[in-house]
Every structure is written in C-alpha cells, then in structure tokens.
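These notes are about the structure you will find just below.
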Amino acid sequence: MTAVALCGAMALSACGGGGSKGSTDKSKVEVFSWWTGPGEADGLAAMKADFEKNNPGTQFVNAAIAGGSGTQAKAVLASRLQNRKPPDSFQGHAGAELQDYIKAGQIEPLNSFYDENGMTKVYPKQLLDQISYNGKIYSVPVNIHRSNMLWYNPAVLKEAGIAGPPKTVAEFIADLKQVQGKTKKVPLSLGAQWTADHLLESVLLGDLGTDGYNALWKPGADWSGAQMTKAITDYAEIVKYTSVEAASTDWQGAAKAVVDGKAAFNIMGDWAYGYFTGDAPNGLSKKLGTDFNYAPSPGTDGTYMWLSDAFTLPKGAPHRAGALAWLKEAGSKQGQDLFNPKKGSVPARTDGDKSLYTGYLAYAFAQWNNPSTKLAGSMWHGVVANNKWHTDIDTAVGLFLQSKDAGKLQKALADAAKNDAQ
C-alpha cells in the first residue's frame, strides 16, 4: 500500500507533531546509535556538523555505543525503553526489526512527518511499502546497503578456467566444483554462522526470483513446496564447497580470503567494498579489478536486496522538537550525501548527488535509482523477518551446519514461518 498520511483530521500530537511535555524543547537532541567504526563515525560527524549549522542553539548529544551490528547498543536501548528513559531518537534497521518497538508502543508513526517534508516523493515507493507496518511508517532510512553481492578474485577464476562470475545458481555450483577440482583454493569463503544465514537469503532470492522471495515473508507462505525444496537443496550443495574454518572466522576474514587469493568467491554485503579499498589499519588498500571484482549474487541481477540504517521517534522523547529536527536532517538530501560516501553506502533518497559516489558506489547508486530495479528486503539484516523469526531461522541454519540435512532444514524453516509470520 502507498505510504500516505493516515492522520487526516486527527490532532497533530497523535501523528508525530508534538503534544507531550517537553515536545517543544529544542535545546538539545540525544541521538542513540552504534556508529562508532571507521567511515560510519566520520559520516555521523559530518551530519552532526550540518545539523548544528541548521539548528543553532540545539546541543547534539552523540550517545553512540560501540559493538558490531548494534548488539551491545540494542541491549542498552532495551533497558532504557523499559525504564521509560528513551533517547530522543535511536538507530535501527528499517523494516520488521522495528516491530517489537512498534507493538510495545515505544515508537511513533511518522506519516505526517513524511508528508510535511515532501519525503514520500523522494523515497522509492517499493521501499516505503516494505518499511510500513499496518500502513504506517516508523523510521527514516538514512542509507541503503546491498546484501546480494558476489565478490570474486579474477586471478583465481582464471586459474580455474572460469571466464567470469556465474549468472545463475546452477552456474555457481558448477563453478564452485571447477575451482575445487582445478585449484587448491577455497571455492567459497564463509565466516561466522551469520554469514551462512546471509548466504541463504541470496540463494533463496536466486532460485525463487524476486516475487517468490518476497512472498516468503507474507502470511500463509509456502516454505514446504517443490520450489523451496530445490532452493534448499542448492543451498546445501553450495555449503559443501565452503571453507572448513568457517565457524571461527567473522565476515572480514572470509572476505579477506578472496582479495588475498586464497578463495575464489564470497557472498557478502557491499560494506565489503569499503573494507577492501579502505586505507590501513582498518582497510586492506586493495584495487578493484585487480585484487577483486564484483557482480550480483547468482540469479539475482536486477534485484536489490536491501537493508538500511534508519532513525525513529520514541514515544516520550524528552526533546521532541529536537528529535524531529534530527529526523529532518537524517532524511534530507544534504544529510544523506554527507553521510553515505563516508559510510560506503548510497542514499535512501532518489535525488542524491551521483557525482559523490565513485567506484562500486557509482554502480550501486545507478542500480538503486534505476526504476526497473526490483527490491527485496534482507532477512538477516532486519527488513522482512521480526526478531523471533530471525532467531528461529538462525537456529535452523546452525543445526543444518552440523547435520548437513537439507530436509530437516526445510522443515525447520517451514515451522519457523508458521510460528512467526505476522
């Protein structure tokens, strides 16, 4: 459904415009995030400076907490929300990950905010549809990352006699077998268990297609049918060609194996590009086209499996006016163009300045803004599965990595869908 204002004649205070004690307080804004690493911290600092320029007299309080994927930050945030001491705005992954906050009544809808700031016209309709819950929008996406990317080493492919990256899942399986048979390199590098979940969503998209994949996350979806059986069987076959030490290596180690010439392929989000090309000590200073190259994960060309960092308006925000001013910054063209080139992502808006995005980011920018590009939400990165469903899928994948039983994996995934679908 379209993301239009649902407030109508309702009081503005009920739709995110003010009303509670402190709602007009713009003296400061406490922004809670996990942006503390290289790139993202620099991007946040750039947005902070622009925010302060546009909002003189408003103190920006950076309440960022370090920790990969926000694990530590989310635990602290949960405690604050339970104790009714929310920050003025907090970061989350746009989509189903926010449903727990929504159902608990901890964040407010932002439909009127979108309309007042003309944002429904500059965010893709597909994106707004996928981040809406019961017709309401609860977050402001700042950036877009792409999950379904295949990174490969050109020299290893040449050694194996492979002309280029595989375009289908069937070609991918054949290439993995060829790398194993003709080289001493790892066909496909994996890292910690979550990277196997990440791989699964790309294989599902590649085999089921965009519509089939998106249908999985709707009530009554068929996780037990023949198409799913084929996709799970292909996934099980692909896992046979992954690195043995996968369980003890995080995504950086798995990605590094490709640019170091120890592995042929790695399927990882496009944050890997920033890691490959970034300067030491946090980056690898590798060269695109020489040390590595990229393509959409097999079978997914034309589809952008997306994930996004977004900001919310908590109920009871002590400096509500400050929070709304921050959300305006986060949703603005200027704010997103300041943040994303440093983060290694592209703007969620469609009107960003393309001259600021180079290398892989130029490709990503063009793909995101191409009207013919289809969108699919990342399962692992919070878009389409709520937190419980996400956990149940991870448990099923973990058991599969031990048993390698594709049938049991499909049954576990089907059970998870029945138990957790909304």
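A short reminder: the numbers here are calculations on the coordinates, not readings from a lab. Keep in mind it's a predicted model, so treat the numbers as computed, not measured. Neighbour counts run over all protein chains shown; Cβ positions are idealised from the backbone, glycine included.
Under the classification rounded if a/c is under 1.5, otherwise prolate if a/b is larger than b/c and oblate if not, where does region 241-330 fall, given a ≥ b ≥ c as square roots of the Cα gyration tensor eigenvalues?
Values: a/c = 2.42, a/b = 2.19, b/c = 1.11.
Cα axes put region 241-330 in the prolate bin.
Shape verdict for region 285-414, please, from the Cα gyration tensor: rounded (a/c under 1.5), prolate (a/b greater than b/c) or oblate.
oblate
For residue 129 and residue 408 in one chain, what is 0.36 nm times their gap in residues minus the Cα-Cα distance, to one decimal in nm?
Residue separation times 0.36 nm, minus the Cα-Cα distance, leaves 97.1 nm.
Counting pairs of alpha carbon atoms under 8 Å apart in space and at least six apart in sequence, what relative contact order in percent does region 338-422 give? Walk me through the numbers on the way to the answer.
Working: 45 pairs, mean separation 16.2, N = 85.
Over region 338-422, the number comes to 19 percent.
Please state the shape class of region 78-124: rounded when a/c is under 1.5, otherwise prolate if a/b exceeds b/c and oblate if not, all from the C-alpha gyration tensor. It would help to have the intermediate numbers written out before the result.
Working: a/c = 2.57, a/b = 1.97, b/c = 1.30.
Prolate.
Could you tell me which trypsin sites (Lys or Arg not before Pro) in region 374-422 are loop residues by DSSP with no more than 15 other beta carbons within 10 angstrom of their beta carbon?
Working: sites: 374, 388, 404, 408, 411, 418; in loops: 404.
Listed in order of number, the matching sites are 404.
Within 10 Å of each candidate Cβ there may be at most 12 other Cβ atoms; applying that plus a DSSP loop requirement, which trypsin sites (Lys or Arg not before Pro) in region 65-161 survive?
When the trypsin sites (Lys or Arg not before Pro) of region 65-161 are filtered for loop state and at most 12 Cβ neighbours within 10 Å, 84 remain.
Between region 351-422 and region 210-274, what is the C-alpha centre distance in whole Å?
The distance from the Cα centre of region 351-422 to that of region 210-274 comes to 10 Å.
Ignoring everything except DSSP H segments at least 4 long, calculate the 222 nm mean residue ellipticity for the chain; use -39,500 (n - 2.57) per segment, divide by total residues, nearest 500.
Helix contribution divided over all residues of the chain: -13000 deg cm²/dmol.
Can you pull the Rg over Rh of the chain, Cα-only, Kirkwood?
Values: Rg = 21.5 Å, Rh = 22.1 Å.
My calculation puts Rg/Rh at 0.97.
When you count, for each residue, the other Cβ atoms within 10 Å and take the mean per peptide, how do 48-56, 36-44, 302-310 rank with the highest first?
302-310, 36-44, 48-56
Past the 18 Å Cα-Cα mark, which pairs from 333/354; 48/343; 240/408; 177/408?
177/408
Out of region 185-246, which GluC sites (Glu not before Pro) are coil in DSSP terms and have no more than 16 other C-beta atoms within 10 Å?
none
With each pseudo-label sitting 7 Å past Cα toward Cβ, what's the residue 334-residue 100 distance in nm, one decimal?
It works out to 3.6 nm between the two label points.
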